Amino acid sequence: MRKELYDNFVQRVQLDKHTGCWNWTGRRDEKGYGRISHNGGWINAHRWAYEFFVAAIPHGYHVDHLCHNTRCQNPLHLDAVTPAENRRRQTERNRQQRKMSKV
């Protein structure tokens, strides 16, 4: 089953040579996160990628996209963080985007 899920995953990512992102080409949810079929249901592809390539995600943690690309599945671009840290990072990203839009 693990190999089948891995093969399913690999078939649905496309490397962006400029960013290093592994962009998801399969099913996505309304927020743009990749979804992968598993045990008769759907799971977030980036969470599966983190657990497969890096480590188990601690209970209650989120997986943050360091590249800010919800389609990305590259484990080097993913970081398991507390919900509070995830919100803090999102607030900082939004602040940076507002600064850039004023330039």
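None of the figures in this text is laboratory data; all of them are computed from the coordinates on show. It should be emphasised that the depicted structure is a prediction, and the values quoted were computed from it without experimental measurement. Virtual Cβ from ideal backbone geometry, glycine too; neighbours counted across all protein chains shown.
Within 10 Å of each candidate Cβ there may be at most 16 other Cβ atoms; applying that plus a DSSP loop requirement, which trypsin sites (Lys or Arg not before Pro) in the range 1-32 survive?
Working: sites: Arg2, Lys3, Arg12, Lys17, Arg27, Arg28, Lys31; in loops: Arg12, Lys17, Arg27, Lys31.
Of the trypsin sites (Lys or Arg not before Pro), the ones in loops of the range 1-32 whose Cβ has at most 16 other Cβ atoms within 10 Å are Lys17, Arg27, Lys31.
In the chain, which cysteines lack any other cysteine Cβ under 4.7 Å from their own?
Singleton cysteines: Cys67.
Relative to the present Cα-Cα distance, how much length would full extension add between His68 and Glu51 at 0.36 nm per residue of separation?
Gain in length upon complete extension: 4.2 nm.
How far, in nm, would the chain grow between Glu30 and Asn94 when pulled straight, counting 0.36 nm per residue and subtracting the alpha carbon separation?
Numbers: separation 64, 0.36 × 64 = 23.04 nm, distance 1.97 nm.
Separation in residues times 0.36 nm, less the Cα-Cα distance, equals 21.1 nm.
Magnitude of the Cβ-charge dipole of the chain, K/R +1 and D/E -1, about the Cα centre, nearest 20 debye?
500 debye
Quick query: amide H of Leu66 versus all other amide H atoms, modeled in the peptide plane; which residues come in under 5 Å with a sequence gap of 5 or more or a different chain?
Distant-sequence amide H within range of Leu66: Leu78, Asp79.
Name the residue from Trp22, Ile43, Met100 whose Cα lies farthest towards the positive end of the charge dipole of the range 2-102, charges +1 on Cβ of Lys and Arg and -1 on Cβ of Asp and Glu.
Looking along the dipole axis, the top candidate is Met100.
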